[in-house]
Amino acid sequence: MIIDAHAHIMTAVNGMTASGPTGSLSWGVVRWGDETVRLMPPFNEETSFPAEALLAQMDWAGVERAVLLQGPFYGEANAYVASAVEHYPDRFVGAFAPDPHAPDVRQVYKQCVEDYGLRILKFELTEPTGLTGLYPDLRLNAPEHGWIFEAAERDGLVVTLDLGKIGSRAYQTEAVAALAERHPNLTFVIAHLAQPPIGENNNAELDDKWREQILLGRRQNVFFDLSALPAYAPDFDEYPYVAARMYIKRAVDLISAEKIMWGTDVPGLLTSGSYRQLLNYVRLHCDFLSEAEMADALGLNALRVYWGDDF
């Protein structure tokens with residue numbers, strides 16, 4: 001079984017970042033504050049990536065399931081994600097991404113869990129597109145946020161974290177360690193393999209900080225997804241993404257293949273490669289993985305973490 005552990009869907013981009021509001025334009029382009037940026041290839045006139053577009057990509061590549069995540073850049077899509085999970089229950093599991101400082105955050109949590117049945121709590125902390133850009137002093141383990149992790153542990157949710165770039169305000173390794181210790185029955189997934197310093201691999205300070213975060217995976221309740229790694233590579237490092245594979249191998253050596261999950265971060269990553277390439281650089285070129293390790297990384301780990309299926 002192959003599972004994409006990190007994907008996004010939207011009928012339109014309609015979010016907020018530190019640079020200002022985001023919004024869909026046309027042919028893969030979006031507005032981001034005062035700028036326009038290319039989010040995805042020019043697939044269709046309206047910049048959108050609905051559930052059916054993701055399913056078509058998955059079917060083309062032989063991917064059976066996907067984890068639908070959210071974030072401030074794309075904009076709130078709780079009802080839409082819940083609808084996609086309801087329509088395609090054998091293919092999707094869904095997340096919500098609440099603003100912890102919003103006055104109605106407790107009501108949003110209750111609606112998403114009890115009414116929509118969403119089973120993943122996503123926090124995107126990145127400065128350019130996430131919560132620390134909107135709230136520079138935000139700390140994950142601040143006392144005022146304690147209730148949401150207590151509720152997530154009680155309700156059996158998974159918490160997925162995008163901790164941004166090494167050295168940024170978002171890269172809160174110590175806070176995650178404290179939360180994982182405080183909530184041993186709560187599963188945490190750190191996105192993007194802790195965003196390794198691809199292209200800066202001679203920087204010992206950055207490498208030490210990345211290694212420190214990866215070592216959180218030695219805890220029973222901390223995992224990582226492999227999404228977006230090709231996008232961090234230098235321009236010359238095209239498919240099959242040699243630099244990205246180097247960091248996957250290092251992570252496997254440090255915490256084992258049982259703690260990593262393949263994922264893409266589509267649609268944004270479709271500017272770095274086709275959906276099949278984003279799968280095949282792991283499936284065909286990570287030859288340091290045994291057959292059993294490959295099965296774990298490509299799907300079985302995500303099945304255990306996000307669907308609760310054990311083997």
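What follows draws every value from the coordinates through simple rules; no lab data is involved. All of these numbers come straight from a predicted model, not from anything done at the bench. Positions of Cβ are backbone-derived with ideal geometry, glycine not excepted, and every protein chain shown enters the neighbour counts.
Sequence-distant or interchain residues sharing an amide H contact under 5 Å with Met261, placed H: which?
Hits under the 5 Å cutoff: Phe224, Asp225, Leu226.
Amide H neighbours of Thr17 under 5 Å, counting only residues 5+ apart in sequence or on other chains, H built in-plane at 1.01 Å?
Thr22
Quick one: if the Förster radius is 22 Å, what FRET efficiency do Asp155 and Trp307 give, using the C-beta to C-beta distance and rounding to 0.05?
With a Förster radius of 22 Å, E is 0.90.
Which ³J(HN,Hα) values, rounded to whole Hz and listed in residue order, are derived for the stretch 201-213 from phi using the Karplus coefficients 6.51, -1.76 and 1.60 in 6.51 cos²θ - 1.76 cosθ + 1.60 with θ = phi - 60°, glycine and proline given as x?
6, 9, 8, 5, 5, 5, 5, 5, 5, 5, 4, 4, 6
First select every other residue whose beta carbon is under 14 angstrom from the beta carbon of Ser19; then total the charges, Lys and Arg +1, Asp and Glu -1.
Net of charged neighbours comes to -2.
Report the extension gain between Ser83 and Glu258 in nm, rounded to one decimal, defined as 0.36 nm multiplied by the number of residues separating them, less their alpha carbon distance.
This chain segment gains 59.9 nm when fully extended.
Run the simple label-point estimate for Asp137 and Glu114 please: 7 Å along Cα→C-beta, distance reported in nm.
For Asp137 paired with Glu114, the spin-label model returns 3.2 nm.
So what J values fall out for the stretch 128-140 if you push phi through Karplus, 6.51 cos²θ - 1.76 cosθ + 1.60 with θ = phi - 60°, rounded to Hz, Gly and Pro as x?
So the Karplus estimates, Gly and Pro as x, are x, 10, x, 6, 6, x, 7, 10, x, 9, 5, 10, 4 Hz.
Amide H neighbours of Gly164 under 5 Å, at least 5 residues apart or on other chains, H built in the peptide plane: list them.
The list, which skips near neighbours in sequence, is Leu125, Thr126.
Over all Cα pairs of the stretch 61-125, how is the pair count split among 10 Å bins, expressed in % and running from 0 up to the last occupied bin?
Result, from short to long distances: 23, 52, 21, 4, 0 percent.
First select every other residue whose beta carbon is under 14 angstrom from the beta carbon of Glu124; then total the charges, Lys and Arg +1, Asp and Glu -1.
-3
Once you have the Cα-Cα distance between His101 and Ala292, take 0.36 nm times their residue separation minus that, and quote the gain in nm to one decimal.
Extra length from His101 to Ala292 when fully extended: 64.5 nm.
Separation between the Thr271 and Asn185 pseudo-spin-labels, each 7 Å from Cα along Cα→Cβ, expressed in nm?
4.4
Taking 0.36 nm per residue of sequence separation and subtracting the Cα-Cα distance, how much length would be gained by fully extending the chain between Leu284 and Trp60, in nm to one decimal?
Working it through step by step, the gained length comes to 79.0 nm.
Once the Cβ-Cβ distance between Glu144 and Asp90 is put in as r, and R0 is 51 Å, what FRET efficiency do you end up with, to the nearest 0.05?
It comes out at approximately 0.85.
Which three numbers, in whole Å and largest first, are the semi-axes of the equivalent ellipsoid of the chain derived from its Cα gyration tensor as √(5λ)?
25, 24, 21
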